[in-house]
1. Find how much the distance from Asp90 to Asn114 grows on full extension, using 0.36 nm per residue of separation minus their present alpha carbon separation; answer in nm with one decimal.
2. Fully extended, how many nm does the chain gain between Thr48 and Leu20 (0.36 nm per residue separation, minus their Cα-Cα distance)?
3. Going by amide H atoms built from the backbone, whose H comes under 5 Å of the H on Val121, apart from near neighbours?
4. Calculate, in nm to one decimal, what Gln67 and Arg129 gain on full extension: separation in residues at 0.36 nm each, minus their alpha carbon distance.
Amino acid sequence: MRAAIALRRRARRARLTVQLTVLAAGVAALAVTSTFVALSSVVRARTTRLIADERVLLLLQRRALEQSLLTASLLTKSPTLRAAIETVRDEVGRGATRPELRATLQRELDNLRNGSGNELVLVTDDRGRLLASSLARAASLPNHALATAPMLRHALDPDALVDSASLGVL
């Protein structure tokens, strides 16, 4: 009889242990599932925000490129700058350039650059030789170094596409 009572107690304890184990596993599964759902929604929201931010950034870059092209187009249509460039180009072609003519070109470039708000403006001839620059240290570059720069070669190539990676306008 005692053996039967002990056996019943063991069975109840075993059922209780199984029940507690199942309950603990259920609570753990519920905790893991709720954490996964919460993290999943946070990741989705942040990913959506990043994609939206990237689209805005691309739109801003496209507008900045369009603005740069428009500004460059306006700069190149300036009659005083065009006349100064043509005169310097003719003198460079003959092998000599008057310092006062380069100073006039530099002054015209500075006036136009200040009015346009651009930080970097280079004026070169069709071979890539620097005629004027908005940066003082660019004037100290050897012409061959500037003429071989990929961005300048791209700007001088009439068949090159204009994109945000390498902007150049003639």
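1. 6.0 nm
2. 5.9 nm
3. Residues meeting the criterion, in which the H sits 1.01 Å from N, are Ser134, Leu135.
4. Answer, rounded to one decimal: 19.7 nm.
We did not get these values from a lab; they are worked out from the coordinates using the rules stated. Because the structure is predicted, anything quoted here is derived from the model rather than measured.
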